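K.L.:
Provided herewith is a single structure, encoded as structure tokens, for subsequent inquiry.
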Amino acid sequence: MASRIIKHKKAVLIAFVLITVLSTAAQFFVQVNYNMVDYLPEDAQSTQAMDIMEEEFTGDVPDTRVMVTDVTIQEALDYKKQLEDIDGVSSVMWLDDMVDLKKPLEIADEETVENYYKEGNALFSISVRSGEEVKATDAVYELIGEEGAIAGEAINTASSQKMAGSESMFAAMLLVPIIILILVVSTTSWVEPLFFLTAIGVSVLINLGTNIFIGEVSFVTQSVAPILQLAVSLDYAVFLLHSFSDYRKTTSSPEEAMELAMKKSFPAIMASAATTFFGFMALTFMKFEIGSDLGLNLVKGIILSFISVMVFLPALTLVLYKWMDKTKHKNFVPSFKGIGNKVMKLKFPSLILVIAIIVPAFLAQTNTSFIYGTGTQPEDTRVGSDAKLVNEAFGETTSIVLLVPKGDAAKESELVEEIEGMDYVTGVMAYANQVGAEIPPEYLDESVTEQFYSENYSRIIINTNQGTEGDIPFSIVENVEGAAQDYYGDEALALGESVTLYDIKNTVNKDNVVVNVLTVVTIALVLLFSFKSISIPVVLLVTIQTAVWINLSIPYFTDTSLVFVGYLIVSTVQLAATVDYAILFTEEYNHNRKEMPAREAIVKTLDEKTFSISISAAILSSVGFILWITSSNPIVGSIGLLMGRGALLAFIMVLFALPAMLVVFDKLIKKTTYKSNFYEEK
């Protein structure tokens with residue numbers, strides 16, 4: 001295979017260039033989905049409720065609040081009419097839907113009035129059709145001006161859509177120079193880093209383009225997958241070209257050197273790609289499909305990176321290798337000789353520290369508090385400052401919609417009365433209390449009844465004075481669903497942002513166990529076959545898993561909430577991406593251990609491999625921190641922060657804890673490794 005690729009190098013280059021051009025064009029036709037609700041499983045009750053409501057009713061769930069300042073009641077009613085006329089706004093709810101404005105406000109329920117009109121400020125609850133958030137919220141801003149404010153799901157989605165493209169470009173503009181700088185330091189040619197980036201860049205573009213066969217991707221995938229693919233697979237290109245450089249010193253032709261390099265680096269690249277592949281495969285088993293969407297893209301990305309490095313990069317290098325020769329520079333790498341002896345002096349303190357920290361870190365990361373939505377936007381953005389203004393003026397509020405079977409007016413009236421008496425409920429809109437259960441709907445005009453009744457269902461809108469997620473909002477959802485089920489059983493369905501987040505919480509908590517177990521088991525099996533050892537996979541997994549637990553426990557000790565999607569993805573991705581450091585180190589150690597005692601082998605390995613592992617960690621860490629710095633989306637930002645910090649922690653564990661364990665458990669490793677052939681002193 002290697003000789004065929006080398007023989008047809010120009011054909012290989014042309015084929016890859018054509019595929020890359022087509023893929024680059026195709027990526028512009030891939031839809032990006034910003035709606036997290038769409039990624040809930042089909043059997044989630046909020047998904048079923050949403051499908052039924054779309055079929056049976058015209059208005060959507062009010063998910064966004066619009067505040068207009070310094071207006072009279074009549075002016076507010078005029079604003080309501082203009083909001084209803086905006087393209088993309090499907091319904092608007094205000095005070096006139098809750099009380100009769102023909103009567104003096106003084107005799108109406110004060111709490112109800114103040115939920116919608118307070119100190120000259122009017123607060124409207126609006127519904128925005130999915131996919132039309134940007135257009136609708138832009139029109140709302142034009143209507144309400146600088147003094148008005150918008151808060152809620154629609155403006156958060158619109159903001160994410162607007163920022164995604166520019167932020168990805170900004171991240172790339174920061175990232176590429178940093179990676180080039182890191183690679184220039186690690187090589188002896190000015191253009192060699194461009195070969196690495198071209199090989200992986202081509203695979204990233206092909207991955208983005210082939211998403212056209214999937215149809216659409218989530219906003220998390222669009223923001224994270226390309227940069228993460230670049231970071232975790234750049235090592236493959238580095239392995240190959242370093243091996244090529246070494247063989248050029250001992251062979252007569254570049255073609256022979258490349259063929260030997262491809263053969264030599266294939267097992268190392270294959271093992272590295274396999275652990276990452278199976279780690280990302282675990283994400284595809286998530287029932288909350290944002291994870292499986294990202295997992296599928298990363299799995300596809302790893303395969304394409306592997307093919308690009310093993311097929312495209314050799315052809316590219318052989319066509320342009322003279323440029324590498326012409327742009328040689330001196331070695332910028334400081335000598336790491338002596339680091340091995342220093343690390344070995346700390347082997348027992350390192351082991352004691354790991355033993356002391358592993359249990360508290362594990363327990364802490366299981367008790368971290370989580371955010372299941374997108375979290376709050378920064379206050380220095382218009383979206384963040386608007387949310388603060390609305391909350392300061394009216395407090396937090398969230399709507400829950402109940403769909404119950406139509407027909408039993410008395411039962412519906414009892415349920416509405418029970419919900420009205422619940423804690424944190426500020427108002428209920430239903431036929432039973434707005435029109436009167438004693439008035440048959442068939443006697444009224446359809447315009448009056450259509451907001452309450454469809455052919456098969458009755459709709460009840462419940463307003464609460466709490467946010468969308470947390471202990472209290474989730475307890476409200478449980479109480480409302482529990483009351484509805486007491487009257488209607490499983491036929492009652494709830495929906496709304498807090499209901500969706502409650503369903504996401506229940507779904508991802510199950511996913512967490514499945515994904516983490518699958519990741520550990522599949523990576524353990526790859527390590528088992530790679531090293532033909534029972535103990536080495538345990539040592540490697542303990543090393544990297546401890547780094548993961550420390551990383552995920554930091555939010556607990558700093559008392560900050562963690563975006564759960566970020567937590568779940570990183571707990572998998574960090575293990576899959578950084579176990580490569582441990583593999584590279586252990587393979588070199590095993591090679592040295594066949595020729596010398598354990599301590600000498602580990603010192604030699606540390607002296608020779610610390611730099612190459614630090615380069616990999618620096619690239620992945622840079623990618624993570626730049627995602628964190630550049631993204632205004634809390635999910636993408638949290639994935640970046642955890643990834644950046646996780647790469648550094650994994651590097652520290654591989655540098656200090658792994659050598660200590662390999663030396664201390666040397667006899668056990670020797671006994672539990674098939675044909676270890678370890679050196680024995682005579």
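The values are calculated or read from the model by the stated rules, or taken from the named source; none is laboratory data. From a predicted model like this one, the values you see are computed outputs, not experimental measurements. A quick note on method: Cβ atoms are made from the backbone with ideal geometry, for glycine too, and the neighbour counts reach across all protein chains shown.
K.L.:
Hey, any hits in region 67-74 for a residue that's surrounded by 15 or more Cβ atoms within 10 Å (Cβ to Cβ) and either part of a loop (DSSP other than H, G, I, E, B) or under 29 Å from the mean Cα position of the chain (by Cα) (or both)?
P.N.:
yes
K.L.:
Does residue 215 qualify as being out of contact with any Ser or Thr (no Cβ under 7 Å at 6 or more places or on another chain), at positive phi and in the same structural domain as residue 18 (by TED's automatic domain parsing)?
P.N.:
When the stated conditions are applied, residue 215 passes them.
K.L.:
On to the next question. Run residue 428 past the list (1) within 30 Å of residue 507 (Cα to Cα); (2) assigned by TED's automatic domain parsing to the domain that holds residue 652 and report the number of the one that doesn't hold.
P.N.:
Failing condition for residue 428: (2).
K.L.:
Select the helices (runs of 4 or more DSSP H) contained entirely in region 318-407, then report the ones holding at least 1 residues which are of a type outside the set (S, T, N, Q) and touching a Leu at 6+ places or on another chain (Cβ under 6 Å).
P.N.:
So the answer is 339-345, 382-394.
K.L.:
Next question. For the structure I just gave you, tell me whether residue 29 is in contact with a Phe, Trp or Tyr (Cβ under 6 Å, 6 or more places away or on another chain) and in the same structural domain as residue 255 (by TED's automatic domain parsing).
P.N.:
no
K.L.:
Just give me the residues in region 20-39 being within 21 Å of the chain's Cα centre (by Cα), modelled with pLDDT of 85 or more and either under 20 Å from residue 400 (Cβ atoms) or in a helix (DSSP H, G or I) (or both), in sequence order.
P.N.:
Matches in region 20-39: 27, 39.
K.L.:
Considering region 468-505 alone, what residues qualify as being surrounded by fewer than 19 Cβ atoms within 10 Å (Cβ to Cβ), of a type in the set (S, T, N, Q) and under 21 Å from residue 63 (Cα atoms)?
P.N.:
Correct list: 475, 479.
K.L.:
Quick one: in region 306-346, of everything that is in contact with a strand residue (DSSP E or B) (Cβ under 8 Å, 6 or more places away or on another chain) and more than 23 Å from residue 260 (Cα to Cα), which residue is modelled with the highest pLDDT?
P.N.:
327
K.L.:
List every residue pair whose Cβ atoms sit under 6 Å apart, with the two residues 6 or more apart in sequence or on different chains, where the first one lies in region 654-682 and is in the same structural domain as residue 605 (by TED's automatic domain parsing) and at positive phi and the second, anywhere, is surrounded by fewer than 17 Cβ atoms within 10 Å (Cβ to Cβ) and not in a helix (DSSP H, G or I).
P.N.:
Partner pairs satisfying both residue conditions: 677/594.
K.L.:
Can you name the number of the only condition in (1) modelled with pLDDT of 90 or more; (2) within 21 Å of the chain's Cα centre (by Cα); (3) of a type in the set (S, T, N, Q) that residue 638 fails?
P.N.:
(1)
K.L.:
Taking region 480-529, which residues are free of Cβ contacts under 8 Å to residues at least 12 places away in the same chain and either touching a Ser or Thr at 6+ places or on another chain (Cβ under 6 Å) or among the aromatic types (Phe, Trp, Tyr) (or both)?
P.N.:
Within region 480-529, 529 is the sole residue that qualifies.
K.L.:
Still on this model: What tally of residues in region 75-96 results from selecting those that are surrounded by fewer than 20 Cβ atoms within 10 Å (Cβ to Cβ) and either more than 18 Å from residue 128 (Cα to Cα) or of a type in the set (Lys, Arg) (or both)?
P.N.:
So the answer is 5.
K.L.:
A further question on this structure: In the set 572, 560, which member is in contact with a helix residue (DSSP H, G or I) (Cβ under 9 Å, 6 or more places away or on another chain) and not in a helix (DSSP H, G or I)?
P.N.:
Only one candidate qualifies: 560.
K.L.:
Which of the residues belonging to region 143-191 are in contact with a Leu (Cβ under 7 Å, 6 or more places away or on another chain) and either within 15 Å of residue 381 (Cα to Cα) or among the charged types (D, E, K, R) (or both)?
P.N.:
Selection gives 149 alone.
K.L.:
Quick test for you: out of 217, 184, pick the one residue that is modelled with pLDDT of 85 or more, surrounded by fewer than 24 Cβ atoms within 10 Å (Cβ to Cβ) and in contact with a helix residue (DSSP H, G or I) (Cβ under 7 Å, 6 or more places away or on another chain).
P.N.:
217
K.L.:
Right, something else. Quick one: residue 128 ticks every box in (1) of a type in the set (A, V, I, L, M, F, W, C); (2) out of contact with any Gly (no Cβ under 7 Å at 6 or more places or on another chain); (3) modelled with pLDDT of 85 or more bar one, so which box is it?
P.N.:
Every condition holds for residue 128 apart from (2).
K.L.:
Oh, and also: Residues that are over 21 Å from residue 347 (Cβ atoms) and not aromatic (Phe, Trp, Tyr): list the helices (runs of 4 or more DSSP H) wholly contained in region 576-682 that include at least 3 such residues.
P.N.:
Answer list for region 576-682: 598-630, 634-652.
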